[in-house]
Amino acid sequence: MTSFAWALSTQPAAPGVTLPPMPARAIHASVAPLAALRVALLAALLGACTGTSADSVPTADVTRGTLAVVLGVPGELEAVKSENVSAPNIRGGLKITTLAEEGTRVKAGDLLVEFDPSDLMKEMEQAVSRLRIAQTKIAQKQAQQTVKFASARNDIVTAGLDKERAELRVTESETVPRVERESARLDVEESRLAVGRSEAALQSTELEAAAELELLRLEEAEAQAKVDQIERQLDKLVIRATGDGIVLLTEDWRGGTLSKSSVGDSVWPGNAIMELPDLAAMRVEAWVHEVDATQVAVGQRVNVVVDARPETPLQGTVERVSDLAVKRNEASEVKHLELTIALPPTDAALKPGMTVRAEIQVADVPDVLLVPRESVFYDGAEAVVYRSGLSGWKRVPVKLGRTNDSHVVVTEGLEAGDRVALVDPASLDGGTRAGGAAPMPTQASAPPAAAAVSPAP
C-alpha cells in the first residue's frame, strides 16, 4: 500500500459515504513503516527528554583486533658514518683563515678548513737554506776530493815508471861492476815500495773522502727531512672532505667558554673543529630506563617520530642494547641503557642531533575487544562506558585489560559492533545523566606508553 492509500484508510468517512474495505494484504504491508516511524519518534522524544541528541555526541565502534603495546623512549639521530675534523698536530698555535659554514653540504675533496701558514713558511725558508748549504758543502768536498784522487793516481803512475826504469838497469853481466849491479836491484826494490805507498795513499784518500762525504750527506738528509716535515705540516693546514656529508661545527672549550670555531680563532693541536656526518645512513641513539630494559630486545620494530617532522614517522629496528645501565649525566640518579635503532635509507631532511621519540613495539595482544581510551571513564574505582541503545545512552560497567595511549582492551561488558560515546553525554546537557543516579565519572587518563592498533583479520 502506498502512503497515500494508508492515509486514506485512516481518515473518517464522510456522512453518507461508504468506503470499500481495505484489503488484508495492504494492511499488513503498512505495519513495518509504521513501527519504524514510532521508533524514530520515540528516540527523538528520549533525546529531547535527556537534552542530548545522538548526532551531537562523538562516538566510536567497539572493534576486535590486535593491541600493539609500545614503549616510548627519547633519543637522537646520528649518522652511521661520520668524519671528525680536528686541528692538526702541529707545534704552536693555529689560526683559522678559512672555514666551511655550518650546514653546508660538501662532497669529497671540498675545502673544509684552512689555517694560517705564515709561521711554517718562515720555518720552510730557513730549512731550505740549510739544505742548500749542505748540498753546496757536498759539491765542494767532491771537487776537492777529485783533485786529491788525481794527485794520488799520478803518484802511483810516477812510482811505476821509476820502478820500470830501475828494472832496466838491472843486469847480471860481469862487465858491470858488482856495486852497480846491487845498486840497480836496490833501486828496483825502492821503486816497488814507492808504488805500494802511492796505492795505499790513494786508498786512504778514498776512505777519508767517503767519511767526509758521509757526514755531509747526513747533514743534507737532516736538512731535507726538516723540509719534508714542514711540507707535510703545510699540507695539514688545508683540510678537505674525504667523503660526502654536511658540516656540523663542534663546540669546544675556548677561553673558559664552550663555543664553536670561527674564522680568526686560534686553536691548539687536537682541538675539535667540526663533524662531517654522512646523511645517507642514519640511526637513532636512544635511552631506556633500567626498569623497562627487560622489555626491549634486538629485532623489535620501532616507530621513530622526529620532533621536527612528526608528520613523517620512520620505521626502524632495535639493532643493539647495551649491557650496562649508566647515568646519562652527573646530576641524574636514574640509570638508563643505551639503544641503537637502525633506520632504512630515507629522503627526509634529517640531521644528526635531531631529537626523536622512539616507540618500541614490545608486545602484541591479539584477538581482543578494543575501545578508544577517550570512551572509558572512572566512577571511583569502577570503569564505565556509555553505550548507545534504543533508549539512549546507557551507563555500562566494564572490565579492562592492557592499554596503550590510544586504545584499551575490554574483557567484559561490551561486544564487537557496540557504539560508545567518546565524551560523557551528560556533559553536553548541563549535567543530566542518562541513567541519572550515578555521580559524574572522571575520564581515564592516558599512560606514558604509545601504541598502535591493528584490526583482526
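Things to note:
- In order along the range 368-377, the Karplus-derived 3J(HN,Hα) couplings, from 6.51 cos²θ - 1.76 cosθ + 1.60 at θ = phi - 60°, round to 10, 7, 10, 10, x, 4, 5, 8, 9, 10 Hz, and Gly and Pro are given as x.
- Eligible lysines near residue 148 by straight Cα distance, threshold 18 Å, same-chain separation 8 or greater: 137
- For peptides 385-393, 175-183, sequence by mean Cβ density within 10 Å, most packed first: 385-393, 175-183
- Cα-Cα separations in the range 228-283 greater than 18 Å, expressed as whole percent: 48 percent
- Volume per residue of the convex hull around the Cα atoms, evaluated for the range 119-236, comes out as 75 Å³.
- Lysines with Cα under 28 Å of residue 260, excluding same-chain neighbours fewer than 8 positions away: 81, 95, 107, 236, 327, 351
- Order of 282, 124, 274 - criterion: other Cβ atoms within 10 Å of each residue's Cβ, fewest first: 124, 274, 282
- The Cα center of the range 81-120 and the Cα center of the range 274-339 differ in position by 31 Å.
- Counted by Cβ distance under 12 Å from residue 356, the other residues give a net charge of -1, where Lys and Arg count +1 and Asp and Glu count -1.
- Average silhouette area of the range 93-133, convex hull of alpha-carbon atoms, in square nanometres: 4.2 nm²
- Cα-centre dipole for the range 119-236 with unit charges at Cβ (Lys and Arg positive, Asp and Glu negative), debye to 20: 240 debye
- The mean sequence distance of close C-alpha pairs (under 8 Å, at least 6 residues apart), as a share of the length of the range 119-236, puts its relative contact order at 47 percent.
- Ordering of 201-213, 300-312 by burial proxy (mean other Cβ atoms within 10 Å per residue, highest first): 300-312, 201-213
The numbers here are math on the coordinates, done by the rules we state, and not lab data. Small disclaimer: the values here were computed from a predicted structure and weren't measured. Glycine gets a Cβ as well: all are built from the backbone with ideal geometry, and neighbour counts include every protein chain shown.
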